[in-house]
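**Q** This is the structure, below, for whatever I ask next.
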Amino acid sequence: MNPKSFYRRIEGELIELENSSLLREVPDLDYGAAKELIFKGRKLLNLSSNDYLGLAEDERLVHASVAAVKKYGCGSAASRLVTGNFGMYDELEKELARFKEQDDSMLFTSGYAANLAIIDSFAGRHSIVFSDKLNHASILDGIRLSGARHVRYRHNDLKHLKSRMESVKDAENKILITDTIFSMDGDSALLEEIADLCDFYDTMLVIDEAHAEGVFGQGRGIAHERGLAGRVDLHMGAFSKGFGSLGGAVSGRRELVSYLRNKGRSFIFSTALPPAVVGANLAAIRLVAENSSRGERLLKISRELKGYLESCGFNCGDSESQIIPVILGDNVSALAARDRLIEEGIYAAAIRPPTVPQGTARLRLSMRADLTDDDLQKIKNAFAGLKAGRI
Ligand SMILES: Cc1ncc(COP(=O)(O)O)c(C=O)c1O
């Protein structure tokens, strides 16, 4: 037995996680990005990826990625500020800024790194950061890193937010950050009212459009869809979801982006994305800009499926997007439902605490624009069977 006592503590914690059905394990997938993934040798309909537009396998992205590798090699070999920069990276930032109708944009190696940099750069120990209770973990981690005072408000509860803003109204540096589409619930932030409050309380407004880009607002996100882009100070987004690739991005006024280039530690002290990824990102953004209606069909089929699931008696929360939660409550039920759907040829991830609040374990359905009518029927049949206890 290992003499160091921390091994026993760690083992104990792992056993506790397993006993509460909370132990996380990497699933046994041979290939998980396509519409049909391969799980333990079986082909299953993939309702778990964030590749909402089915771009991860698109020929044009693949071609652009391969061309970039052939031209520039595999690695960027340094951070952007040293030598890890290529003409293509600047081109992508310019195109993204144009697409988002902002002065400037900058790339990060991930959406996670972008959120860390934004909050750590613009907030410090004497700042206040208002954050929706259901914001993504990277936002929470950014606030922790910055040392700012974290003022959480109840999910989409404007009365609560207002009272919290009022209680610290004299603080000097205030930032509000919110997901626009919430990743585990698929509902949206009340952005117009939030923008009003941020104006009134002299607060910087930052939005995370990771799950809205590619889908809403002709691919630009919720702020554009609702005509609010000009009222948002910083627009964070990610190439890892609707754009089918990888990387985070921030767009906004020139001086804010310039400040971020100077202060963002996850940008300054980390190697730049590899050329293959940047090539794919450029192709993805051009594709979405040229064909901005892909998101519309996705939202239409998502609304239809949500209606069907509710008619069967499932609780799909307040989803308004391509992310449809099927909230089942306890962890064991969520895992059992996932396993039963696998038997029916469908892969839908079971999401459990701490990713979602206690007692709200769920299947999280990520709809894709390339689902056919037959696929949709298969999903409906599987859920009808699940409800009836037949599967
Ligand atoms: C709302 C939100 N923001 C940020 C991220 C992080 O993005 P990435 O996966 O590119 O690191 C995610 C990822 O799931 C997310 O859901």
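**Q** Here is a list: GLY237, GLY227, GLY219. Which entry is in contact (Cβ under 8 Å) with a residue 60 or more places away in the chain and either more than 12 Å from the ligand (Cβ to nearest atom) or surrounded by fewer than 24 Cβ atoms within 10 Å (Cβ to Cβ) (or both)?
**A** On the way: GLY237 fails: either more than 12 Å from the ligand (Cβ to nearest atom) or surrounded by fewer than 24 Cβ atoms within 10 Å (Cβ to Cβ) (or both); GLY227 fails: in contact (Cβ under 8 Å) with a residue 60 or more places away in the chain.
Testing whether each residue is in contact (Cβ under 8 Å) with a residue 60 or more places away in the chain and either more than 12 Å from the ligand (Cβ to nearest atom) or surrounded by fewer than 24 Cβ atoms within 10 Å (Cβ to Cβ) (or both) leaves just GLY219.
**Q** Now a separate question. Just checking, does the stretch 241-253 include any residue being assigned by TED's automatic domain parsing to the domain that holds ALA210 and among the β-branched types (Val, Ile, Thr)?
**A** The answer is yes, given that some residue of the stretch 241-253 is assigned by TED's automatic domain parsing to the domain that holds ALA210 and among the β-branched types (Val, Ile, Thr).
**Q** I've got another one for you. Given the conditions (1) of a type in the set (Val, Ile, Thr); (2) farther than 19 Å from SER183 by Cβ; (3) surrounded by 18 or more Cβ atoms within 10 Å (Cβ to Cβ), which single one is not true for THR83?
**A** Condition not satisfied by THR83: (3).
**Q** Taking the stretch 176-204, which residues are more than 18 Å from the chain's Cα centre (by Cα) and more than 16 Å from the ligand (Cβ to nearest atom)?
**A** Listed by number, the residues that qualify are GLU192, GLU193, ALA195, ASP196, LEU197, CYS198, ASP199, PHE200, TYR201, ASP202, THR203, MET204.
**Q** May I pose another question? Can you name every residue in the stretch 189-243 that is closer than 15 Å to ASP179 by Cβ and of a type in the set (Asp, Glu)?
**A** ASP208, GLU209, GLU213, GLU225
**Q** Still on this model: Test ARG338 against the stated conditions and say whether it is away from the ligand (no atom under 16 Å from the Cβ), of a type in the set (Lys, Arg) and crowded, with 17+ Cβ neighbours inside 10 Å. Walk me through how you get there before you give the answer.
**A** Details: away from the ligand (no atom under 16 Å from the Cβ): yes; of a type in the set (Lys, Arg): yes; crowded, with 17+ Cβ neighbours inside 10 Å: yes.
Yes.
**Q** Okay, moving on. Under the condition of being open to solvent by 100 Å² or more (accessible area, probe 1.4 Å) and either in contact with a Ser or Thr (Cβ under 7 Å, 6 or more places away or on another chain) or of a type outside the set (D, E, K, R) (or both), which residue from the stretch 16-58 is farthest from ARG364 (Cα to Cα)?
**A** Going through the qualifying residues, I end up with ASN19.
**Q** I would also like to ask the following. Quick check, is SER302 touching a helix residue (DSSP H, G or I) at 6+ places or on another chain (Cβ under 7 Å) and open to solvent by less than 70 Å² (accessible area, probe 1.4 Å)?
**A** No: the conditions fail for SER302.
**Q** Which ones in the stretch 112-134 are of a type outside the set (Asp, Glu), surrounded by fewer than 24 Cβ atoms within 10 Å (Cβ to Cβ) and touching a residue at least 60 places away in the same chain (Cβ under 8 Å)?
**A** TYR112, ALA113, SER121
**Q** Next question, about the same structure. Go through (1) out of contact with any Lys or Arg (no Cβ under 7 Å at 6 or more places or on another chain); (2) within 19 Å of TYR259 (Cα to Cα); (3) modelled with pLDDT of 95 or more; (4) away from the ligand (no atom under 16 Å from the Cβ) one by one and return the number of the condition GLU166 breaks.
**A** The failed condition is (2).
**Q** Might you let me know whether the stretch 133-144 holds any residue that is away from the ligand (no atom under 16 Å from the Cβ) and either within 23 Å of TYR201 (Cβ to Cβ) or assigned by TED's automatic domain parsing to the domain that holds ASN173 (or both)?
**A** Within the stretch 133-144, none of the residues are away from the ligand (no atom under 16 Å from the Cβ) and either within 23 Å of TYR201 (Cβ to Cβ) or assigned by TED's automatic domain parsing to the domain that holds ASN173 (or both).
A quick yes/no check of all residues on (1) of a type outside the set (D, E, K, R); (2) within 20 Å of the chain's Cα centre (by Cα); (3) under 20 Å from GLY221 (Cβ atoms):
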| position | (1), (2), (3) |
| --- | --- |
| ARG294 | no, yes, yes |
| LEU298 | yes, yes, yes |
| GLY307 | yes, no, no |
| GLN322 | yes, yes, yes |
| ARG338 | no, no, no |
| GLU343 | no, no, no |
| PRO354 | yes, yes, no |
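**Q** If only one of ASP339, ASP318, ASP373 is of a type in the set (Asp, Glu), touching a residue at least 40 places away in the same chain (Cβ under 8 Å) and not assigned by TED's automatic domain parsing to the domain that holds GLU213, which one is it?
**A** Answer to the check: ASP318.
**Q** Let me ask something else. So which residues in the stretch 117-148 are part of a helix (DSSP H, G or I) and among the aromatic types (Phe, Trp, Tyr)? Even if it seems obvious, please write down each step before you answer.
**A** Taking the stretch 117-148 as the starting set, the residues that turn out to be part of a helix (DSSP H, G or I) are 117-122, 137-146.
Answer for the stretch 117-148, where residues must be part of a helix (DSSP H, G or I) and among the aromatic types (Phe, Trp, Tyr): just PHE122.
**Q** Name every residue in the stretch 86-99 that is open to solvent by less than 30 Å² (accessible area, probe 1.4 Å) and either free of Cβ contacts under 8 Å to residues at least 12 places away in the same chain or within 16 Å of the ligand (Cβ to nearest atom) (or both), in order of residue number.
**A** LEU92, LEU96
**Q** Restricting to helices (runs of 4 or more DSSP H) lying wholly in the stretch 245-327: which have 2 or more residues that are modelled with pLDDT of 95 or more and touching a Gly at 6+ places or on another chain (Cβ under 8 Å)?
**A** 275-290
**Q** Take the residues in the stretch 334-391 that are assigned to a helix (DSSP H, G or I) and acidic (Asp, Glu); name whichever of them is nearest to LEU44 (Cα to Cα). Step through it out loud before you land on a result.
**A** Taking the stretch 334-391 first, the residues assigned to a helix (DSSP H, G or I) are 334-343, 373-388.
Cutting the leftovers down to acidic (Asp, Glu) gives us 339, 343, 373-375.
On the way: ASP339: 12, GLU343: 9, ASP373: 16, ASP374: 14, ASP375: 11 Å.
The residue in question is GLU343.
**Q** Would you mention how many residues in the stretch 153-163 are open to solvent by 10 Å² or more (accessible area, probe 1.4 Å) and either within 16 Å of the ligand (Cβ to nearest atom) or in contact with a Lys or Arg (Cβ under 8 Å, 6 or more places away or on another chain) (or both)?
**A** Here the count works out to 4.
The values are calculated or read from the model by the stated rules, or taken from the named source; none is laboratory data. From a predicted model like this one, the values you see are computed outputs, not experimental measurements. Every residue, glycine as well, gets a Cβ built from its backbone with ideal geometry; the counts of neighbours run over all protein chains shown. Just so you know, the surface numbers come from the protein's heavy atoms only, side chains and all, with ligands and any DNA or RNA stripped out. Shrake-Rupley method; radii C 1.70, N 1.55, O 1.52, S 1.80 Å.
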